[in-house]
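**Student:** Quick one: this structure, given as structure tokens, is what I'll be asking you about.
Every number in this text was worked out from the coordinates using simple rules, so none of it is lab data. This one's a predicted model, so the numbers in the text were calculated from it and none came from an experiment. Positions of Cβ are backbone-derived with ideal geometry, glycine not excepted, and every protein chain shown enters the neighbour counts.
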Amino acid sequence: MRKVSSFAVPHLQEYTKTSFSLISKDFISHFSSLPSTSTNPINGNQQISPQSSNTHLKSCSKTQSLHFSNFKTQQFQTFNTLVEQNPSQLSSRQRKIKERSLLEEAFESAKTIQEMIQVFQEMEVSFDERELGLPCLRIGLKLDQEGEDPEKALSFANRALNILDRDDKLSLPLAMTLQLLGSTCYSLKRFNDSLGYLNRANRVLDKLVKDGSCSDEDVRPILHAVQLELCNTKTAMGRREEALANLRKSLELKEMTLERDSKELGKANRDVAEAYVAILHFKEALPFCLKALDIHKAQLGQNSVEVAHDRRLLGVIYTGLEEHEKALEQNQLSQKVLKNWGLDTDLLRAEIDAANMQIALGRYDEAINTLKVVVQQTGRESEDRAMVFISMAKALCNQEKFTDAEKCLEIASGILGKKEKTSPVEVAEAYMEISMLYETMDKFEAAISLLKRTLAMLEKLPQEQHSVGSVSARVGWLLLLTGGVQHAIPFLEDAAERLKESFGSKHYAVGYVYNNLGAAYLELDRPQSAAQVFAYAKDIMDVSLGPHHTDTIEACQNLSKAYAAMGSYQLAMNFQEKAIEAWEGHGPSAVDELKEAHRLLEQLKKKASGVSDGNIMKALPLANSSEQVVVSAIERQRNATKMLNQ
């Protein structure tokens, strides 16, 4: 998810008349559309920026920590009478008070970061270090907003933390400082540090509410900012399932504050839908996307750009759900709007999407004709042109015109090879799709070689560890398929760990990886290791796919094979009987599978007839699982990710 921008400067200046505006950039940017008495225009590209100070920037009841009036302590309250006097009549103490107050006002009115730092340097002479915490925080926020010098922003944030984090006193400025530290560490790709600061900010805010120091209304905007930064950071670390939970929490906070039909709430729902699509949870994505579409239609009309973007995402979701006619319908509606607005680049990519949907529907000639028109609109060395040729190759592969398909892939690879350094993520996704087409043509060596090249690119990008896991899983599967069993195991083991970290231990893709890993162990005559990972696979698939899913049944039968290889025929028969029961639930559609399952059971009974009870071992425990993306799962992820990033 993109990093949140800020409206910090104009809003901070507005608030300084009554309160020292220590609003983090995420807090400000994501509350711009709240009902406000502010006259500042709301930028439609931002999600949310803050209300005016008299609505939700009230000081906490106990800490008074937001108020710039703290910076104007009681020793300054006589200034209004002092200014009436002749300067020559002022005592040295009174002159010092006047100088400090003038510096304070100069800092409030500073427009640029250079002006703020210049005044701050003068303040360092007149003020104690403990009085500079809030100015340090404000400068850090401004630097973070501009994004040009995260190291300098970090230095001011650390200085603010040293001042504000004393005597175990909790306050909103402390929470904001921790959020700022999380944001700057994110910018510097120090993701573990970022996560630590943001988690602590979360705890501070929770305690402020629980002990009555601040109200929910005081905390909510900052908590929203923290949740978004947690989402950003966890996404960058590849922990997408956890990131999604934070994104959902930020949406809940928006729903507490925004109008029900706010267009910003529509955009937030679409963000959640996109996050679900990224982890292949299309069913969960659908209601959020439909809600975004309804809001944007009501607020902006059928022909708005936002509605077009919603419809394009809806097409991706329907494709993932294999409802291709619905996907194509949404794509066509989106194209009409994009064409009316003259958004040629978006329109071109929507046309490529449409061709892929036509391919999914088996309308290959129609797809090829669509792509022949689209390719004329692309630059000779553009990524869009490469994507056109990849889609063309997909259609030709389905027509078994492999020679022509290979030529298309060669053209696409030639274009993409020049883009590896400038667009590594997009090129890696394209390479993964090309490799799958090579598999279709039984060009396994070419597929493996291209996937290893993709791994080398993605391993340098910390935010792409989920993709590294998926590619490793695919390399392992291909090596297993082509007889390189020993070489497959490290790829599969690495994939399982990375995908567990990214998607959670119960994701169905992890089950596929363990299923393949078990097959590799069994091939190398390691039946106990095979039985363990087959048990993991079955446990995962029972939860994520259900016990009657064909892949779950396959994992159950594989577990039976592993126990049989260990000589534990009673356990093997138990699992084979479970497989038979599950196949019976499929009715006439699984007659052949059921017949084969019965044959295997009879075979096990014959082998078991001479085995004593002493040789029968206990079943291995069904432990928490891990993950992968084998053929269909990886293909769906590639297609969905590619379409989202176009």
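**Student:** On average over all directions, what projected area in square nanometres does the range 92-145 have, based on the convex hull of its Cα atoms?
**Tutor:** 3.5 nm²
**Student:** If one computes the Cα centroid of the range 166-183 and of the range 544-599, what distance in Å separates the two points?
**Tutor:** 56 Å
**Student:** Assuming 0.36 nm per residue, please report the length gained on full extension of the stretch D344 to E115 beyond their Cα-Cα distance. Walk me through the numbers before you get to the answer.
**Tutor:** Working: separation 229, 0.36 × 229 = 82.44 nm, distance 4.24 nm.
Between D344 and E115, full extension yields 78.2 nm more.
**Student:** Hey, another quick one. For every other residue with a beta carbon closer than 13 angstrom to the beta carbon of A245, add +1 if it is Lys or Arg and -1 if Asp or Glu, then tell me the sum.
**Tutor:** Numbers: positive: K234, R239, R240, R248, K249; negative: E241, E242, E252, E284.
Neighbour charge sum, excluding A245 itself: +1.
**Student:** Largest first and to the nearest Å, give the Cα extent of the range 300-388 along each principal axis.
**Tutor:** Extents along the principal axes, in whole Å: 36, 29, 17.
**Student:** With respect to the cross-link table entries K234/K500; K418/K500; K142/K421; K283/K538, which display a Cα-Cα separation exceeding 24 Å?
**Tutor:** Details: K234/K500 14 Å; K418/K500 33 Å; K142/K421 31 Å; K283/K538 22 Å.
As for pairs spanning more than 24 Å Cα to Cα, those are K418/K500; K142/K421.
**Student:** What FRET efficiency comes out for the pair R260/T422, r = Cβ-Cβ distance, R0 = 25 Å, nearest 0.05? Could the numbers behind the result be given before it?
**Tutor:** Details: r = 42 Å, r/R0 = 1.70.
Between R260 and T422 the formula returns 0.05.
**Student:** Rounded to two decimal places and with Rh computed the Kirkwood way over Cα pairs, what is Rg over Rh for the range 442-532?
**Tutor:** Working: Rg = 12.9 Å, Rh = 13.2 Å.
Dividing the radius of gyration by the Kirkwood radius yields 0.98.
**Student:** How long are the three semi-axes of the equivalent ellipsoid of the range 259-342, in whole Å, if each is the root of 5 times an eigenvalue of the C-alpha gyration tensor, listed from largest down? Please list the in-between numbers first.
**Tutor:** Values: eigenvalues 72, 58, 15 Å².
Three semi-axes, in Å: 19, 17, 9.
**Student:** Now, a different point. Note the full-extension length gain between R95 and K210 as 0.36 nm times their separation in residues minus their Cα-Cα distance, in nm to one decimal. Mind dumping the intermediate values first?
**Tutor:** Details: separation 115, 0.36 × 115 = 41.40 nm, distance 4.37 nm.
Length difference between fully extended and current span is 37.0 nm.
**Student:** Run the simple label-point estimate for E131 and H598 please: 7 Å along Cα→C-beta, distance reported in nm.
**Tutor:** Placing both labels 7 Å along Cα→Cβ, they lie 9.2 nm apart.
**Student:** In whole angstrom, how far apart do the alpha carbon centroids of the range 448-488 and the range 231-289 sit?
**Tutor:** One Cα centre to the other: 29 Å.
**Student:** For N369 and E146, calculate 0.36 nm times their separation in residues minus their Cα-Cα distance, and state this gained length in nm to one decimal.
**Tutor:** Here the answer is 75.6 nm.
**Student:** Would you please give the FRET efficiency between N192 and L461, computed as 1/(1 + (r/R0)^6) with r the Cβ-Cβ distance and R0 = 22 Å, to the nearest 0.05? Don't skip to the end; give the middle numbers.
**Tutor:** Numbers: r = 16 Å, r/R0 = 0.74.
It comes to 0.85.
**Student:** Residues in the range 425-462 near a label at F402, defined as backbone nitrogen under 18 Å from the 7 Å Cα→Cβ point?
**Tutor:** Under cut-off, by backbone N: 434-450.
**Student:** While we're here: For the range 417-439 and the range 341-378, write down the distance between their C-alpha centroids in whole Å.
**Tutor:** 19 Å
**Student:** In addition: Loop only by DSSP, 13 or fewer other Cβ within 10 Å of the Cβ. Give me the trypsin sites (Lys or Arg not before Pro) in the range 443-477 that pass, ordered by residue number.
**Tutor:** Details: sites: K443, K452, R453, K460, R474; in loops: K443, K460.
Listed in order of number, the matching sites are K460.
**Student:** While we're looking at this one, here's another question. Net charge within 11 Å of L409 by Cβ-Cβ distance, Lys/Arg positive one each and Asp/Glu negative one each, not counting L409 itself? Intermediate values should be presented prior to the final figure.
**Tutor:** Numbers: positive: K394, K407, K443; negative: D404, E406, E410, E433.
That works out to -1.
**Student:** Another question, if that's okay. Using a simple spin-label model with points 7 Å from Cα along the Cα→Cβ vector, what separation in nm is obtained for N162 and A298?
**Tutor:** Once both label points are built, they end up 5.2 nm from each other.
**Student:** For the pair E284 and K336, how long in nm is the line joining their label points, each one 7 Å along Cα→Cβ?
**Tutor:** 3.4 nm
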